[in-house]
Every structure is written in structure tokens, then in C-alpha cells.
1. What's the total number of residues in region 37-61 that are of a type in the set (Lys, Arg) and either in a loop (DSSP other than H, G, I, E, B) or in contact with a helix residue (DSSP H, G or I) (Cβ under 9 Å, 6 or more places away or on another chain) (or both)?
2. Which condition number does residue 49 fail, the rest of (1) of a type in the set (A, V, I, L, M, F, W, C); (2) in contact (Cβ under 8 Å) with a residue 60 or more places away in the chain; (3) open to solvent by 20 Å² or more (accessible area, probe 1.4 Å) being met?
3. Taking region 139-184 on its own, how many of its residues are open to solvent by less than 10 Å² (accessible area, probe 1.4 Å), hydrophobic (A, V, I, L, M, F, W, C) and under 23 Å from residue 227 (Cα atoms)?
4. Just checking, which of 275, 185, 267 is in contact with a Pro (Cβ under 7 Å, 6 or more places away or on another chain) and assigned to a helix (DSSP H, G or I)?
5. Please tell me if residue 84 is out of contact with any Asp or Glu (no Cβ under 7 Å at 6 or more places or on another chain), modelled with pLDDT under 95 and either within 15 Å of residue 184 (Cα to Cα) or open to solvent by 50 Å² or more (accessible area, probe 1.4 Å) (or both).
6. Output the residues belonging to region 101-138 that are open to solvent by 40 Å² or more (accessible area, probe 1.4 Å) and either among the acidic types (Asp, Glu) or without any contact (Cβ under 8 Å) to a residue 24 or more places away in the chain (or both).
7. Among the residues of region 229-261, write down those that are under 19 Å from residue 160 (Cβ atoms), open to solvent by 60 Å² or more (accessible area, probe 1.4 Å) and assigned to a loop (DSSP other than H, G, I, E, B).
8. Could you please let me know if residue 60 is modelled with pLDDT of 90 or more, in contact with a Leu (Cβ under 6 Å, 6 or more places away or on another chain) and within 30 Å of residue 222 (Cα to Cα)?
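The values are calculated or read from the model by the stated rules, or taken from the named source; none is laboratory data. Worth saying up front: this structure is predicted, and the values here are computed from it rather than measured. When we count neighbours, we look across all protein chains shown, and the Cβ atoms used for this are built from the backbone with ideal geometry, even at glycine. The accessibility values were calculated without ligands, DNA or RNA, using every heavy atom of the protein model including side chains. Shrake-Rupley method; radii C 1.70, N 1.55, O 1.52, S 1.80 Å.
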Amino acid sequence: MFKDLFHKKKYATIPSERPKRDIPEGLMNKCPKCGTIQFSKELEKSLKVCSSCGHHFRLNARERIQMVMDEGQFEEFDAYMVSEDPLEFPGYAAKLEQQKKNSGLLDGVVTGEGMIGGFPVVAAVMSFDFFTGSMGSVVGEKITRAIEHAIERELPMLIFSTSSGARMQESILSLMQMAKTSAALAKLHNAGGLYISILTDPTFGGVSASFAMLGDYNLAEPGALVGFAGRIVIEQTIRQKLPDNFQTAEFNLQHGQLDKVVHRKDLKPTLIKLLDMHTVRGNVSNGG
């Protein structure tokens, strides 16, 4: 009797593991700089700039075109141009196919003609999510053709750069794009055309050593890393500790490598001001 009285009774059971709630993929994003977690929709409203620390998230080519160009005012060039494997580099062909699948792009740059604030422009927009924005023969060819189109149509040229450098799988065919794009920009300059270069995070190697730094105006987003070799390589070479902000857009501005660091929300208005300033009787010139 007493045994039954003091016998523990189970009024509820507590599961050993709580059921996990399924969180839809892509619902939230964590800032890589400050760690703040934000809803993706809110982040998009802020142009993918962290509301806590101002970190500028990377944009792919399509996102940047949508953000900067007037709505519905962009006609793409050479949309189906793709890289091949001329040197038969081991594994390169398979990697190209994987990059196409992952990024939704056929190569690392999208080019075309469109409008910004009602001003017609030719634009080349690089995308880091395709082979880290590396410059192969297709990237160089598409940018060169876009520059030539700008010369023919007497339109300003805009290039949004982001790159890890030249694409080693194409060797000299990649490196020659540095000279080819630079020569095309020289023709644009001699023809009196305007070239605005916008550097985004990161821009390195052969891209920074060629067209990215040749603008009549060189602009950059806040915090964007811009340089030729990487920080670790430089420190190991010179055997010195570099400043904490070394190679940031702000560091480059301070040392005369850039004309202005522009917050993403101010980029389109800034471009419109520059285009308006250089527009004379319907034509755009570099003022040179």
C-alpha cells in the first residue's frame, strides 16, 4: 500500500531531442565582418550592405546590373561566348562546367549597353562567383569588344571589376588580355571617350594591373581590397608587417591610387553626376 502511495508517476514525457525546425536555405545571412545575422530580404533592401557595420557584401554580375542600370534598360553583348580548353589543362574543362552550374553564368563578365539615369552607357560587370572573377580569354575578349562598341557608338565605358587575377589554366592566353584590354582603352581615350572604373571587393592580379586602374575616374566601394599580389605574399617578400588597413579602398585613396570611395547607396547618383558633367550636346567626353 505505502509502496503504491510513494511510487513515482509519470505525468509527462520529455523527449530526449527536440525536433529541429527546418529553416529555409537563404533565409538569413551572417555578416563576415561583424557577425550580425540579418534576414536576406532586409539585406536586399539595404543593397546588401550590413546595417550594423556597413560591410558591403559581394554582388554577382546580375545583381549589380539590376542595382545600377535603369530598369529594363540593358541589352547584353556576346551572351553565349564561352571559354574552351586550348591548352588542355588537366581538369579545366570539368571545372568550367561546374562554375557555369554554380554561378548561372557562362564566364566571369557580363557586358552590354544600357542606361544609367537616362544616360546611355556601355558596361562590363565582372562576377567573383565565376572562377573567382579570374580573367581568361573570354573575359578579355568580351571587355575589349565592349570598349570597341563604346568607341563606335561614342558612349562612355563603365567597368565593374572584381577578380583574383589572370586565369592560370589559360596561361599566356590569359596574360595577353591585359595588353589587349589596355590597348582598347587607349583607343577610347584617344577618341575622346569617357571611362569610369569601379573597383569592388576584391580586385587583384592582372585585372588590377590593367583595365581596372586605367579609368578617367577610379572609384571603389568601401572596404574593397585592391592590389596586385596578396598581403601574405608581400609580407613574406619584404619581411615587414603591413598596416592593418593595407590594400583597402580607403588605404588606396589615401595613397593616391583612387579618386573616390563611394558607398553603394551613393554609387548610382555619383555615376549620374559624372555622366551629366561630361555630357556636351548629347555626347560624352573624358574632358581630356
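1. Residues that pass the stated criteria total 2.
2. (3)
3. Selection size over region 139-184: 7.
4. It is 275.
5. yes
6. 101, 129
7. 257, 259
8. Working: modelled with pLDDT of 90 or more: yes; in contact with a Leu (Cβ under 6 Å, 6 or more places away or on another chain): no; within 30 Å of residue 222 (Cα to Cα): yes.
Here the answer is no, as residue 60 does not meet what is asked.
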